[in-house]
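The next block holds one structure in the form of structure tokens; read it before the comments.
The values are calculated or read from the model by the stated rules, or taken from the named source; none is laboratory data. Just so we're clear, the structure is a prediction, and the values are computed from it rather than from any experiment. Cβ: placed from backbone, ideal geometry, glycine included. Neighbour counts: every protein chain shown. Just the protein is used for accessible areas: all its heavy atoms, side chains included, with ligands, DNA and RNA removed. Shrake-Rupley method; radii C 1.70, N 1.55, O 1.52, S 1.80 Å.
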Amino acid sequence: MTKFPEGPTASPGFLLWHATLRWQRAMAEALTPLDLTHAQFVILASTWWLNGAGERPNQARLSEFTGSDARMTSEVVRRLLAKGLLEREQDPADTRAKVLHATEAGRELAAAAIEAVESADTAFFTPAAAAAPDALLPLLHALSAR
């Protein structure tokens, strides 16, 4: 027997699934003109942000920072390297490690992509924020906590 006899539309998980799919479509629509997937955007923008904060992350750090699977991070980094948006170099503190930084083209694209994503986020989340102005961010923080 289900906890939701009125059907799946009373299930928080089912509703989150639908909201996530709508949000993912909004992100894809915002990023397609920039020739970026959402995963590529997250890795590029995170590298750009970490670089701006004085950090040269390696792939493990990017995986941890973004919450992404290490193999997926590795594959996305390879694609961004091939596109000339990231560069990899020897870590001066650890000769076994490689660190990443955004190229000039990567920094420019990251800035444009962040603007596109923030605009899409605003359009997507405005109805929820209007319904519960002080609840949206705390709720998302609670749901994303590890």
Taking the Cα-to-Cβ direction at THR126 and at LYS98 and moving 7 Å from each Cα, how far apart do the two end points lie in nm?
4.3 nm
Convert each backbone phi in the stretch 87-100 into a coupling constant with the Karplus relation 6.51 cos²θ - 1.76 cosθ + 1.60 (shift: θ = phi - 60°), then list the ³J(HN,Hα) values in order as whole Hz, x for Gly and Pro.
10, 10, 9, 5, 6, x, 8, 8, 5, 8, 9, 10, 10, 10
Magnitude of the charge dipole, the chain, Cβ model with Lys/Arg +1 and Asp/Glu -1, debye to 20
460 debye
Across GLY67, GLY54, GLY13, the residue with the highest GNM fluctuation in the chain (Cα network, 10 Å cutoff) is GLY13
Residue among ALA82, ALA30, ALA120 with the largest mean-square fluctuation in a Gaussian network model of the chain, springs linking Cα atoms under 10 Å
ALA82
Using Cα centres only, tell me the gap between the stretch 53-77 and the stretch 127-146 in whole Å.
26 Å
Phi-derived 3J(HN,Hα) across the stretch 26-41 with the Karplus relation (6.51, -1.76, 1.60, θ = phi - 60°), rounded Hz, x for Gly and Pro, is 4, 5, 4, 4, 6, 9, 4, x, 9, 6, 10, 7, 5, 4, 4, 4
Equivalent-ellipsoid semi-axes (√(5λ), Cα gyration tensor) for the stretch 94-146, whole Å, largest first?
33, 19, 5
Tell me, what is the percent relative contact order of the chain, built from C-alpha pairs under 8 Å that lie six or more residues apart?
23 percent
What's the extension gain from GLU89 to ASN58 if we count 0.36 nm per residue and subtract their Cα-Cα distance?
10.2 nm
Cα extents of the chain along the principal axes, largest first, in whole Å, come to 59, 32, 27
For the stretch 21-95, what is the Kirkwood estimate of the hydrodynamic radius, computed as the reciprocal of the mean inverse distance between distinct Cα atoms, to one decimal in Å?
13.1 Å
For the stretch 49-60, in order, what is each residue's ³J(HN,Hα) by Karplus, 6.51 cos²θ - 1.76 cosθ + 1.60 with θ = phi - 60°, in whole Hz (x at glycine and Pro)?
5, 4, 4, x, 8, x, 10, 10, x, 8, 4, 5
Which residues' amide hydrogens lie under 5 Å from the amide hydrogen of LEU86, considering only partners 5 or more residues apart or on another chain, with H built in the peptide plane?
LEU81, THR103
If you roll a 1.4 Å probe over the heavy atoms of the protein chains, what accessible area per residue do you get for the stretch 10-146, in Å²?
62 Å²
